[in-house]
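Structure, as structure tokens:
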Amino acid sequence: MQGITIAIPDDLKDWVSRKTESGEYADPSDYVSGLIRQDQERAAKIEAMQKAVDAGLASGVGNRTADQLFQAAKQKANP
């Protein structure tokens with residue numbers, strides 16, 4: 001695995017040190033890797049949501065009432 005070097009301010013370095021000393025993370029690399037994974041997951045969720053919004057907009061104006069939409073959403077959430 002290839003490594004990278006980053007420079008961070010002392011207050012952030014202290015934060016990372018506390019996280020690793022607490023045992024929450026094995027080492028600074030583990031902490032940074034965790035942050036990157038979280039960012040990737042967040043980006044994937046945003047992308048999926050944007051695709052859903054785009055599909056909804058592309059589908060045009062619907063003809064169901066608000067009550068019909070609510071009932072359909074309830075059924076979808078509680079199959």
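The values are calculated or read from the model by the stated rules, or taken from the named source; none is laboratory data. Everything numeric in this text was worked out from a predicted model, so none of it was measured. Heads up, the Cβs are rebuilt from the backbone with ideal geometry, glycines too, and the neighbour counts pull from every protein chain shown.
Some notes on this structure:
- For the range 4-36, the set of residues classified as small (Gly, Ala, Ser), in a loop (DSSP other than H, G, I, E, B) and out of contact with any helix residue (DSSP H, G or I) (no Cβ under 8 Å at 6 or more places or on another chain) consists of Ala7, Ser22, Gly23, listed by residue number.
- Meets criteria (surrounded by 10 or more Cβ atoms within 10 Å (Cβ to Cβ) and of a type outside the set (Ser, Thr, Tyr)) for Asp67: no
Condition check ((1) of a type in the set (Ser, Thr, Tyr); (2) at pLDDT below 95) across all residues:
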{"position": "Ile6", "(1), (2)": "no, yes"}
{"position": "Lys13", "(1), (2)": "no, no"}
{"position": "Tyr31", "(1), (2)": "yes, no"}
{"position": "Ile36", "(1), (2)": "no, no"}
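- Options Lys74, Lys51: the member that is without any contact (Cβ under 8 Å) to a residue 40 or more places away in the chain, surrounded by 10 or more Cβ atoms within 10 Å (Cβ to Cβ) and in a helix (DSSP H, G or I): Lys51
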